[in-house]
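J.: Got a structure for you, questions after.
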Amino acid sequence: MTAVGTAAARYVIVGNSAAGLSAAEAIREADPRGEITILSDEDRPAYSRIFLPDLIAGKIDFGRMTMRRPDFCSRLGVDLRLGQAVTRVDVRERRVELAGGRSLAYDRLLLATGALPVPLDVPGGDLAGVTGLHAYEDAMIILERTRRSEDGPGSAVVVGGGPVSIKTAEALYKVGQKVTVVVSSPAILSRTADALAADLLARRMDEAGVRVLTGRNVATVEGDRDGGVKAVVLDDGETVRATVVVVGKGVRPNLSLAAGAGLKCGRGILVSPRLETEAPGVYAAGDVAETPVGGRTVVNTMWPNAVAQGRTAGHNMAGAAEDSPVSIRSNAGTFFGLTLATVGQTETRPGQTELVRGDGSAAAGGHYEKVILDERGALAGAVLVGRVDSVGFLRWCLSRGVPMDRVRPHLIEPGFRYSAVLAQAPGRAG
């Protein structure tokens, strides 16, 4: 793999998170001489946003959230500019304009601008104490609001029933808040897990004293005399007291720079299989990229996907011609003491086969496993509760279309040895 041209290539990466850092590492592997600049609108080192609920719960401090060692940029010869927002991209002149009026030229540009939380678009949705949980500053707002109650436990409302919302509800519960979760869908985790796994988790939350209201929406947010939130009013008229409202209604790709530059966008920035936009030298990766998969395009906001796409984009920026990895949806975590992991599909479609063991009950040892095979017998997805050690293996099989016919009878057996599949698979994992 060779660097771009004969002079030192100028690489600019907008975004200092999973995709951007992975791209910088890949560029430096391929091009020892290139000039790499990372621009970040945040003024702190790159950190894992998935740990923000743990920060609220007091389980970790910020230092344990950082994604790379302090000497990461110096070792790689990367010019990291924190607190430096990009205001405009000029794809014709190959320059990015920075806040404050300066600009920076590039030969290759990566837009790794991530995604932004969907706001609560109701009257009072802009009151103090109504916030997402996407950045460190959001966590600080939440912690400050939880300390406001002077007459017993404070009250918090979490809007949304996805993994981040549930983890945030757990963090608020652990710091002594009376928590209510408001979900517009008929169940929590409606886009993440199947009905049985969601019900198992809902029961755990109920046992902890966390109230879960499904099929409900926030109609308005009421404020106090100081301009802060004091309650939410639901669409059925019920009023729920709250000193903090955490909005977890999903995220949307941050398209402001791409749209301003005239790049083609759908839900995300439209890119080729090699993560190139239609503008020469401009790439996109991570939560902001919309990639082609099997005749359609998808946005995958999973952290492993951002890392993999960043690496592919970095190699291609430095002269390679790699296609981006298959976009696989996968989640894993422990919520209210229940360990849950999913990969690919979570609900079985007509014509597909479902293999199930256990139901999560005490009689089943708290375990539940469901593996879904498509019409050809290939893996389509899985839901795991309790014992989730096979999720990495299943993700690998799904990404490579590994035939499952020989091991199908054993897939949900306790102690199944994954080497049985790896031995028969073409292009073994490496």
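J.: Any chance you could count how many residues in the stretch 367-398 are surrounded by fewer than 17 Cβ atoms within 10 Å (Cβ to Cβ), more than 24 Å from ASN305 (Cβ to Cβ) and in contact with a helix residue (DSSP H, G or I) (Cβ under 9 Å, 6 or more places away or on another chain)?
T.: 1
J.: Could you list, in sequence order, the residues of the stretch 294-303 that are among the small types (Gly, Ala, Ser) and part of a helix (DSSP H, G or I)?
T.: Of the stretch 294-303, the ones among the small types (Gly, Ala, Ser) are 294-295.
Passing the criteria: none in range.
J.: I need the full set of residues from the stretch 60-99 which are surrounded by fewer than 16 Cβ atoms within 10 Å (Cβ to Cβ), in contact (Cβ under 8 Å) with a residue 60 or more places away in the chain and basic (Lys, Arg), in order please.
T.: ARG88
J.: Moving to a separate point now. What's the number of the only condition in (1) in contact with a strand residue (DSSP E or B) (Cβ under 8 Å, 6 or more places away or on another chain); (2) buried (at least 19 other Cβ atoms within 10 Å of the Cβ) that GLY162 fails to meet?
T.: Unmet condition: (1).
J.: Also, I was wondering about something else. When you scan the stretch 82-119, how many residues do you find that are over 24 Å from the mean Cα position of the chain (by Cα) and either part of a strand (DSSP E or B) or within 30 Å of LYS249 (Cβ to Cβ) (or both)?
T.: 13
J.: Which of the following residues is surrounded by fewer than 24 Cβ atoms within 10 Å (Cβ to Cβ), part of a helix (DSSP H, G or I) and in contact with a Leu (Cβ under 8 Å, 6 or more places away or on another chain): ASP138, ASP199? Working first, answer last.
T.: On the way: ASP199 fails: in contact with a Leu (Cβ under 8 Å, 6 or more places away or on another chain).
The match here is ASP138.
Matching residues to (1) among the hydrophobic types (A, V, I, L, M, F, W, C); (2) outside any strand (DSSP E or B); (3) modelled with pLDDT of 95 or more; (4) surrounded by 19 or more Cβ atoms within 10 Å (Cβ to Cβ):
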{"position": "VAL233", "(1), (2), (3), (4)": "yes, no, yes, no"}
{"position": "ASP236", "(1), (2), (3), (4)": "no, yes, yes, no"}
{"position": "VAL240", "(1), (2), (3), (4)": "yes, no, yes, yes"}
{"position": "VAL245", "(1), (2), (3), (4)": "yes, no, yes, yes"}
{"position": "TYR283", "(1), (2), (3), (4)": "no, no, yes, yes"}
{"position": "PRO292", "(1), (2), (3), (4)": "no, no, no, no"}
{"position": "ASN305", "(1), (2), (3), (4)": "no, yes, no, yes"}
{"position": "GLY310", "(1), (2), (3), (4)": "no, yes, yes, yes"}
{"position": "GLY314", "(1), (2), (3), (4)": "no, yes, yes, yes"}
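J.: Would you be able to say whether some residue in the stretch 260-268 is surrounded by 21 or more Cβ atoms within 10 Å (Cβ to Cβ), among the small types (Gly, Ala, Ser), in a loop (DSSP other than H, G, I, E, B) and in contact with a Pro (Cβ under 9 Å, 6 or more places away or on another chain)?
T.: Scanning the stretch 260-268, I find at least one residue that is surrounded by 21 or more Cβ atoms within 10 Å (Cβ to Cβ), among the small types (Gly, Ala, Ser), in a loop (DSSP other than H, G, I, E, B) and in contact with a Pro (Cβ under 9 Å, 6 or more places away or on another chain), so the answer is yes.
J.: Of the conditions (1) under 30 Å from VAL12 (Cβ atoms); (2) outside any helix (DSSP H, G or I), GLY125 satisfies every one except a single condition; which number is it?
T.: With (1) under 30 Å from VAL12 (Cβ atoms); (2) outside any helix (DSSP H, G or I) applied to GLY125, the lone miss is (1).
J.: Out of ALA112, ALA19, ALA30, ALA24, which single residue is surrounded by fewer than 21 Cβ atoms within 10 Å (Cβ to Cβ) and either assigned by TED's automatic domain parsing to the domain that holds GLY268 or within 18 Å of ALA313 (Cα to Cα) (or both)? Give the derivation first.
T.: Values: ALA112 fails: surrounded by fewer than 21 Cβ atoms within 10 Å (Cβ to Cβ); ALA19 fails: surrounded by fewer than 21 Cβ atoms within 10 Å (Cβ to Cβ); ALA24 fails: surrounded by fewer than 21 Cβ atoms within 10 Å (Cβ to Cβ).
Going through ALA112, ALA19, ALA30, ALA24 in turn, the sole match is ALA30.
J.: Is there any pair with a first residue in the stretch 203-232 that is closer than 16 Å to VAL247 by Cα and not assigned by TED's automatic domain parsing to the domain that holds LEU189 and a second that is at pLDDT 95 or above and surrounded by fewer than 18 Cβ atoms within 10 Å (Cβ to Cβ) whose Cβ atoms are under 9 Å apart and which are 6 or more apart or on different chains, and what are they?
T.: From the stretch 203-232, no pairs qualify.
The values are calculated or read from the model by the stated rules, or taken from the named source; none is laboratory data. Note that the structure is predicted; figures quoted are calculated from it, not measured. Here the Cβ is made from the backbone with ideal geometry for all residues, glycine too, and neighbour counts use every protein chain on show.
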